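Some notes on the structure that comes next.
The values are calculated or read from the model by the stated rules, or taken from the named source; none is laboratory data. Everything quoted here is computed from the prediction, not taken from an experiment. Glycine also receives a Cβ, built like all others from the backbone with ideal geometry; neighbour counts cover every protein chain displayed. What goes into the accessible areas is simple: the full protein's heavy atoms, side chains included, and nothing from ligands, DNA or RNA. Shrake-Rupley method; radii C 1.70, N 1.55, O 1.52, S 1.80 Å.
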Amino acid sequence: MGAAMKKLYKTAALVYFLIATVTLMASAFLLVGHAVWEVASGLFAAESNSIDRVRRTLDGIGLMIIGFAVVETGTFIAEEELFRKRELRSTRESRRSITKFITIIVIAASLEALVMVFKTSREDIPAVIYPAALFASAMIALVALGVYQWLSSRVEREGE
């Protein structure tokens with residue numbers, strides 16, 4: 001009974017991760033498609049002024065960045081849960097997985113903050129504080145990742 005339950009759990013988890021990965025990838029491609037449409041319609045709209053064109057283009061770029069983060073997250077799940085079919089056994093594997101995931105978040109947050117800075121600086125200068133705070137948060141996450149890497153590498157060396 002125990003072996004059958006373990007096999008059922010592993011199969012259910014595999015199906016879940018497969019569905020999650022496919023859903024994330026499909027959602028990301030829909031976002032990118034919508035972003036391309038937004039950018040193209042913003043750039044080539046005859047009746048809109050240059051401010052509207054820039055706004056729509058930046059909105060599209062923001063959607064592409066979100067799509068990038070979603071694709072990377074789906075890829076991460078697929079690599080960690082579907083392709084490798086293993087549990088984290090060593091601190092080195094754990095560090096690599098955490099590093100990759102946090103890096104995805106830092107890159108996406110930084111790019112989104114950059115787009116938001118351009119967008120808000122054209123429309124509402126006092127509102128630039130929000131993208132600046134997002135960028136600062138991304139940098140804090142990057143520094144925290146560096147501290148984590150440094151501390152975990154010391155623990156790994158001491159363990160050997």
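Against the conditions (1) among the small types (Gly, Ala, Ser); (2) modelled with pLDDT of 85 or more; (3) open to solvent by 30 Å² or more (accessible area, probe 1.4 Å), where does SER90 fall short? Just the number, please.
Only one criterion in (1) among the small types (Gly, Ala, Ser); (2) modelled with pLDDT of 85 or more; (3) open to solvent by 30 Å² or more (accessible area, probe 1.4 Å) is unmet by SER90, namely (2).
To keep it simple, each residue is scored yes or no on (1) farther than 25 Å from GLY67 by Cβ; (2) outside any helix (DSSP H, G or I); (3) touching a residue at least 12 places away in the same chain (Cβ under 8 Å); (4) not hydrophobic (A, V, I, L, M, F, W, C).
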{"position": "MET5", "(1), (2), (3), (4)": "yes, no, no, no"}
{"position": "ALA12", "(1), (2), (3), (4)": "yes, no, no, no"}
{"position": "LEU18", "(1), (2), (3), (4)": "no, no, yes, no"}
{"position": "THR21", "(1), (2), (3), (4)": "no, no, yes, yes"}
{"position": "LEU24", "(1), (2), (3), (4)": "no, no, yes, no"}
{"position": "SER27", "(1), (2), (3), (4)": "no, no, yes, yes"}
{"position": "VAL32", "(1), (2), (3), (4)": "no, no, yes, no"}
{"position": "ALA35", "(1), (2), (3), (4)": "no, no, yes, no"}
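Out of curiosity, is ALA46 modelled with pLDDT of 80 or more, of a type in the set (Gly, Ala, Ser) and either closer than 28 Å to VAL22 by Cα or surrounded by fewer than 13 Cβ atoms within 10 Å (Cβ to Cβ) (or both)?
So ALA46 fails the test.
Just to check your reading of the model, which residue among ALA132, ALA78, ALA144, ALA109 is open to solvent by less than 30 Å² (accessible area, probe 1.4 Å), among the small types (Gly, Ala, Ser) and either modelled with pLDDT of 90 or more or closer than 30 Å to SER41 by Cβ (or both)?
Going through ALA132, ALA78, ALA144, ALA109 in turn, the sole match is ALA109.
Would you mention how many residues in the stretch 112-129 are within 24 Å of VAL39 (Cβ to Cβ) and either open to solvent by 80 Å² or more (accessible area, probe 1.4 Å) or in a loop (DSSP other than H, G, I, E, B) (or both)?
5
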